[in-house]
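Here is the structure we will look at, set down as structure tokens.
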Amino acid sequence: MMMKSTFLKHLSLKKLKEKVKEIKAHLSSEEQNVITFSKNFTLSLSNYCQNQCRYCFYNYKIRKQEGQANEILIPDYKIENLISQAITYNCKEALIMSGEKPDIFQKVKEELRLRKYKDFIHFVKELCMKLINCNLLPHTNIGTLCYDDLKELKPLNASMGLMLESSSEKLCKKGGVHEFSPSKIPKFRLEHIENAGKLKIPFTTGLLLGIGETIDDRIKDLFIIKKLHQKFGHIQEVILQNFDYKAGILYSPQKPIQIIDILKIVGIARLIFQNEIAIQVPPNLISGYEKEFLEMGITDFGGVSPITRDFINPEKPWPEITYLEKVCGKNGFKLKERLPIYEKFIHKPDFCPESIKKRINNIN
């Protein structure tokens, strides 16, 4: 791995583009230039979180400090309104997100009790069932979960996710962005991703770039993800998301990550994953550089919502789907809508729950 990492690290952007073209040549002519996205909406259940990541604006403490409203537990009326809007706009994916283990907080526990849920996972399960009954496909990403919780949620999800972010231990040490974030200890996140593989859950993971890690750390993490996929075959996409500074957060890097750094790790990721795992960049974080990322080998723009914002980067609005279509068309690519479970996983034995297959048939 070290030899490969050293070789990859020193490739120029021009050389990376050339090698990406060689990899794409193994695909059919139609597949080579397809860029996918998922029309989704977000259900942000609670922003109470056991972690206090220095870069996070979503966390309840930072929002309170900045005079923003907190969500102890999303109310029923808001769920109903979002579902109604999602149906109107023909969304397919319901992204379920929250802070990690919000029910360790007394306020959240009390709200769950008042609404007759035994715990947070029970609440998430009931929500997933409601969504499925409306022909909306859940994708749950609510932080680290144990094997049993993942097992309970699998039959009710088209796919699930957890960002690895970084496996660098130094980020958890004093002064690091994860110093006060117990579940950001790499072994816990890797265990979650591995358990998802054991349970045959179509899975999304990824890296958060520019939080104190090095290029060597990034390349090492891509190889870690590849190794997990080779073992379990469950990773459908990897998100490469750049940190974006917001007022009020505790982290301000001395040297912010540059577009050239993000482009480089995208090209390296394509070389490592070949054509096996989709590579996603959030389009609202690379506005104006779409052409360069398309040339560097991305395959997916991820969830683009017509009704809800990016809760992690609220100041960065989602682009219009028509805009992405024009950008793709102008550069020789075709934008295609996909479901939160990739096509190959729908037909892969034991990966797609029967309840989800039925709803996919209804959608199609």
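Any read-out appearing in this document is the output of simple, stated calculations on the displayed coordinates, not a laboratory observation. Keep in mind that what you see is a predicted model, and the values were worked out from it rather than measured. Cβ placement follows ideal geometry from the backbone for every residue including glycine, while neighbour counts extend to all protein chains displayed.
Which of the lysines could a cross-linker bridge to K330, judged by Cα under 18 Å and excluding same-chain residues fewer than eight apart?
K291
Among A196, V327, G99, pick out the residue whose Cα is farthest towards the positive end of the charge dipole of the chain, where Lys and Arg carry +1 and Asp and Glu carry -1 on C-beta, about the Cα centre.
A196
Out of residues 5 or more away from G206 or on other chains, whose amide H comes under 5 Å of its own, with H placed 1.01 Å from N in the peptide plane?
L164, E165, I239
Quick one: among G288, G303, G267, which has the greatest mean-square fluctuation in a GNM of the chain with alpha-carbon springs under 10 angstrom?
The residue with the greatest mean-square fluctuation here is G288.
Between N331 and K170, what is the spin-label point distance in nm, taking each point 7 Å from the Cα along the Cα→C-beta axis?
3.2 nm
Could you go through the stretch 307-324 in sequence order and give the Karplus-derived ³J(HN,Hα) for each residue, using 6.51 cos²θ - 1.76 cosθ + 1.60 with θ = phi - 60°, rounded to whole Hz, and x for Gly and Pro?
Along the stretch 307-324, the couplings run 10, 10, 7, 7, 5, 7, 10, x, 7, 10, x, 5, x, 5, 4, 4, 5, 5 Hz.
Any idea how far the Cα center of the stretch 254-270 sits from the one of the stretch 188-215, in Å?
19 Å
Considering the options I307, Y289, F41, tell which one lies farthest towards the positive end of the dipole of the chain, charges being +1 on Lys and Arg and -1 on Asp and Glu at the Cβ, about the Cα centre.
Y289
Give me the distance in nm between label points sitting 7 Å out from Cα along the Cα-to-Cβ direction at N90 and K344, one decimal.
2.8 nm
Modelling each spin label as a point 7 Å along the Cα-to-Cβ direction, I'd like the E31/Q68 distance in nm, to one decimal.
4.0 nm
Gap in Å between the Cα centre of the stretch 1-58 and the Cα centre of the stretch 297-364?
Taking the Cα centre of the stretch 1-58 as reference, the centre of the stretch 297-364 is 15 Å away.
Which cross-chain or sequence-distant (5 or more) residues have an amide H under 5 Å from the amide H of N242, H modelled 1.01 Å from N in plane?
Excluding prolines and chain starts, which carry no amide H, the hits are L209.
Among bridges DSSP assigns within the chain, what percent are antiparallel (round to 5)? Display every interim value, and only then the final one.
Details: 0 of 33 bridges.
Within the chain, antiparallel bridges account for around 0 percent of the total.
Apply the Karplus curve 6.51 cos²θ - 1.76 cosθ + 1.60, θ = phi - 60°, to the phi angles in the stretch 235-251 and return the couplings in whole Hz, x for Gly and Pro.
8, 8, 7, 10, 8, 10, 10, 7, 4, 10, 5, 9, 4, x, 6, 8, 10
If I build a Gaussian network model for the chain, linking alpha-carbon pairs within less than 10 angstrom, which residue out of I35, I87, I341 has the largest mean-square fluctuation?
Of I35, I87, I341, the Gaussian network model singles out I87 as fluctuating most.
Quick one: which residues, 5 or more positions from G302 or on another chain, have an amide H under 5 Å from its amide H? H modelled 1.01 Å from N in the peptide plane, none for Pro or chain starts.
Answer set, sorted by chain and number: S38.
Let's test this: bin the Cα-Cα distances of the stretch 2-363 at 20 Å from zero up to the farthest pair and state each bin's percent.
Computed distribution, short to long bins: 29, 62, 8.
Any of K200/K344; K187/K348; K15/K264; K24/K226 with alpha carbons more than 20 Å apart? Name them for me.
Cα-Cα > 20 Å for K187/K348; rest within.
Can you run phi through the Karplus equation (6.51, -1.76, 1.60; θ = phi - 60°) for the stretch 213-223 and list ³J(HN,Hα) in whole Hz, with x for Gly and Pro?
Taking θ as phi minus 60°, the curve returns 7, 9, 5, 5, 4, 4, 5, 4, 5, 5, 5 Hz for the stretch 213-223.
Binned at 10 Å from 0, what are the whole-percent values of the Cα-Cα distance distribution for the stretch 61-186, short to long?
11, 35, 36, 16, 2
Go ahead and run the numbers for FRET between Y323 and K227, Cβ-Cβ distance against an R0 of 35 Å, rounding to 0.05. Write out the running numbers ahead of the final one.
Numbers: r = 37 Å, r/R0 = 1.05.
The formula returns an efficiency of 0.40 here.
I'd like the isolated cysteines in the chain, meaning no second cysteine's beta-carbon lies under 4.7 angstrom from theirs.
By the Cβ distance rule, which asks for a partner under 4.7 Å, the isolated cysteines are C49, C91, C128, C134, C146, C172, C328, C352.
Work out how much length I260 to E110 would gain on full extension: take 0.36 nm times their residue separation and subtract the Cα-Cα distance, in nm to one decimal.
Details: separation 150, 0.36 × 150 = 54.00 nm, distance 4.74 nm.
That pair, I260 and E110, stretches by 49.3 nm at full extension.
Check cross-link reach from K78 to the lysines: straight Cα distance under 22 Å, and skip same-chain residues fewer than eight apart.
The reachable lysines, counting only those whose Cα sits under 22 Å from K78, are K39, K64, K92, K101, K107, K109, K116, K118, K125, K130.
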